[in-house]
Amino acid sequence: MLGNYPSPTTITYWWGFGSLAGLCLVIQIITGILLVMHYAPNVSLAFSSVEHIMRDVNYGWLLRYIHANGASMFFIILYLHMFRGLYYGSYLYPRQLVWSIGVLIYFLTMATAFLGYVLPWGQMSFWGATVITNFFSAFPIIGEPIVHWLWGGFSVDNATLNRFFSLHYFIPFIIAALALLHLVILHNPKSSNPMGIRTLNDFIPFHPYFTVKDIFGLIIFLIFFSVFIFFYPNVLGHPDNYIQANPMVTPPHIVPEWYFLPFYAISRSIPDKLGGVLMMFFSIVILFFLPLLNVSNIRSAWFRPLYRPVFWLFVVDCLILGWIGGNTADAPYVQIGQVATAFYFTYFLILIPLIAKLESYIYYKTN
């Protein structure tokens, strides 16, 4: 039971993003089910059905704005949750499996968000689907068959929209099952804490001590969410997506949603198409191997003065990649993106293992 769940006494508000992510998932599933009742997954009707939801369905505009902005809120919470885990070493033993399932949830959430972005059948939906699915054509031999299977034919058309709609509706329930498994497995090693250490008497019941913290965080989040829904509902979307899809007119600058921009920048930073696609996928897959790359005996960045500034450089690097992904593939953006991409992989493959070894060496020298 929640009331009896033992929690570390030192956990802070940063540990509330997990429950907020679960709330976002529930909101997305409920609003998605309600929107499906009025949506028509057909290339001739999809755009009009979305406008019908916005104009004719009672509070349809509210449902759609909650669902559309809820995706962005979900990713904001996920990114904060992941960066917190990176900072405090929450992925280390005995929580490797918890972290791996979390990364899998993140990957499936990205897939679901991409599929959902196509459903309004606006200009950016159509051309975004065309560009992203064409990434698979970079793979030799199997690339073209994969693209044709995703399209359901030889171009992005009605079969594509139906496939994307079915998968977009189905995958969130897999995510919900994985989220439940994520929580069940976490109950064995228990939550980590900012100190990165565990003592026998370091636990108190979750309720009422931390439910109050979570409720406070929930209130702040709902206020933040409501500002976007009621005052800036379209600021996180692309204006071209309010133009019906036209295969004969290509937008001047095709960009994905903001939460994909860092990975889009990585793919464009590699001159070779296949290399760019592989690096884009590897930038996510590498997260699975993080518990193996960090061999430090010190868990929390509170006690790692060498690692702490490098972590914040990594955060800045991710923001730079997001900025580059939203710009055109011209100088100096390409060059800046290449430097930022190099640092991204250097952080995981070189700096994390190297700093861990340096810390161990300094510790043994001073003791």
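The values are calculated or read from the model by the stated rules, or taken from the named source; none is laboratory data. Small disclaimer: the values here were computed from a predicted structure and weren't measured. Every residue, glycine as well, gets a Cβ built from its backbone with ideal geometry; the counts of neighbours run over all protein chains shown.
Return yes when ASN201 is under 26 Å from SER300 (Cβ atoms), without any contact (Cβ under 8 Å) to a residue 60 or more places away in the chain and either part of a helix (DSSP H, G or I) or more than 22 Å from the chain's Cα centre (by Cα) (or both) and no when it is not. Here the answer is yes, as ASN201 does meet what is asked. Take the conditions assigned to a helix (DSSP H, G or I) and either free of Cβ contacts under 8 Å to residues at least 40 places away in the same chain or β-branched (Val, Ile, Thr) (or both) and apply them to HIS168. Does it pass? No, not satisfied. Within the range 140-157, residues that are among the acidic types (Asp, Glu) have Cβ atoms under 6 Å from residues that are surrounded by 16 or more Cβ atoms within 10 Å (Cβ to Cβ) and at pLDDT below 95 in these pairs: GLU144/SER137, counting only partners at least 6 apart in sequence or on another chain. Contact annotation: residue pairs with Cβ atoms under 7 Å, 6 or more positions apart or on different chains, pairing a residue in the range 49-65 that is under 21 Å from ALA245 (Cβ atoms) with a partner that is crowded, with 18+ Cβ neighbours inside 10 Å and among the charged types (D, E, K, R), are ILE53/ARG64; MET54/ARG64. Scan the range 179-198 for residues that are of a type in the set (Gly, Ala, Ser) and outside any helix (DSSP H, G or I) and jot them down. Once the filter is applied, which keeps residues that are of a type in the set (Gly, Ala, Ser) and outside any helix (DSSP H, G or I), the range 179-198 yields SER191, SER192, GLY196. Inside the range 266-275, residues that are of a type outside the set (A, V, I, L, M, F, W, C) and surrounded by fewer than 19 Cβ atoms within 10 Å (Cβ to Cβ) make up a count of 4.
The set of residues in the range 228-241 that are out of contact with any strand residue (DSSP E or B) (no Cβ under 6 Å at 6 or more places or on another chain) and surrounded by 12 or more Cβ atoms within 10 Å (Cβ to Cβ) comprises PHE228, ILE229, PRO233, ASN234, LEU236, GLY237, HIS238, ASP240.
Within the range 323-342, being surrounded by fewer than 19 Cβ atoms within 10 Å (Cβ to Cβ) and either part of a helix (DSSP H, G or I) or within 22 Å of the chain's Cα centre (by Cα) (or both) holds for TRP323, GLY326, ASN327, TYR333, VAL334, GLN335, ILE336, GLN338, VAL339, ALA342.
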